[in-house]
Amino acid sequence: MNGTESRPIALPRGLVLYLAVAAVGLVWSGIGPADRFTWILEVAPVVIGAAVLVPTARRFPLSPLLYGLLSLHAVVLMVGGHWTYAEVPAGDWVRDALGLERNPYDRLGHLLQGFVPAILARELLLRTSPLRTGKWLFFLCVCAPLAFSAFYELLEWWAAAASGEAAESFLGTQGDVWDTQWDMFCALVGALLALATLGRAHDRSLARLAA
């Protein structure tokens, strides 16, 4: 090999973490899931994430913080896929301990559905648009997760319409007629929390990426 030949570029450590979490989680969650159809629907975003992150890692690596958040979100999705969101044991424990009427694990999932996309939107906008930190950036980073959450609710509707009772576990309404509204509200709260608590940490992570 001569010195002019290009060497393969190593994957970012954050992406390696995501891929490791995804690989282990997919194997674990795929062994005897409560409902195979629900498992496929729930873990699909994890697989799609890997399919997007790997080929773009060389020209557009993400910040370490964002890779970590995506890994955390992948865990929540795969745990929900294994048991279904309404039957996750940890959620049952919280329900019983707090005297709740339903398993709250799906609320956590939708909270992260706002939390993680808010930081993803913030990173994409800061790196690819003229926007800088300020009111417009904050506003758009709240709008993006809300739009994604609404689209996800449409996906659940389409899945239910196409497969009938097979999608009941995927919907996870647990008899709550306001479940869709609660899901989007949780995404809103998650987005606000992410931007309020992680803004400076995200800026530092972006600075490390640039260095």
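Can you say whether A121 is part of a helix (DSSP H, G or I) and surrounded by fewer than 16 Cβ atoms within 10 Å (Cβ to Cβ), as far as the supplied structure shows? For A121, the condition - part of a helix (DSSP H, G or I) and surrounded by fewer than 16 Cβ atoms within 10 Å (Cβ to Cβ) - is not met. Looking across the range 176-211, just one residue is within 19 Å of F151 (Cβ to Cβ) and among the hydroxyl-bearing types (S, T, Y), and that is T180. For the range 165-180, the count of residues that are among the polar types (S, T, N, Q), at pLDDT 85 or above, within 29 Å of L124 (Cβ to Cβ) and more than 16 Å from the chain's Cα centre (by Cα) is zero.
Would you please name the residue that is farthest from L155 (Cα to Cα), looking only at residues in the range 33-70 that are touching a residue at least 40 places away in the same chain (Cβ under 8 Å), surrounded by fewer than 22 Cβ atoms within 10 Å (Cβ to Cβ) and among the small types (G, A, S)? Among them, the one singled out is A57.
Please indicate, with yes or no, whether at least one residue in the range 60-79 is among the small types (G, A, S) and either farther than 26 Å from L206 by Cα or at pLDDT below 95 (or both). Within the range 60-79, not a single residue is among the small types (G, A, S) and either farther than 26 Å from L206 by Cα or at pLDDT below 95 (or both).
The residue that is surrounded by the fewest Cβ atoms within 10 Å (Cβ to Cβ), counting only those in the range 124-163 that are within 16 Å of L65 (Cβ to Cβ) and without any contact (Cβ under 8 Å) to a residue 60 or more places away in the chain, is L124.
The values are calculated or read from the model by the stated rules, or taken from the named source; none is laboratory data. Here the structure is a predicted model, which is why all the values come from computation and not from measurement. Positions of Cβ are generated from backbone atoms using ideal geometry, with glycine treated the same way; all protein chains shown enter the neighbour counts.
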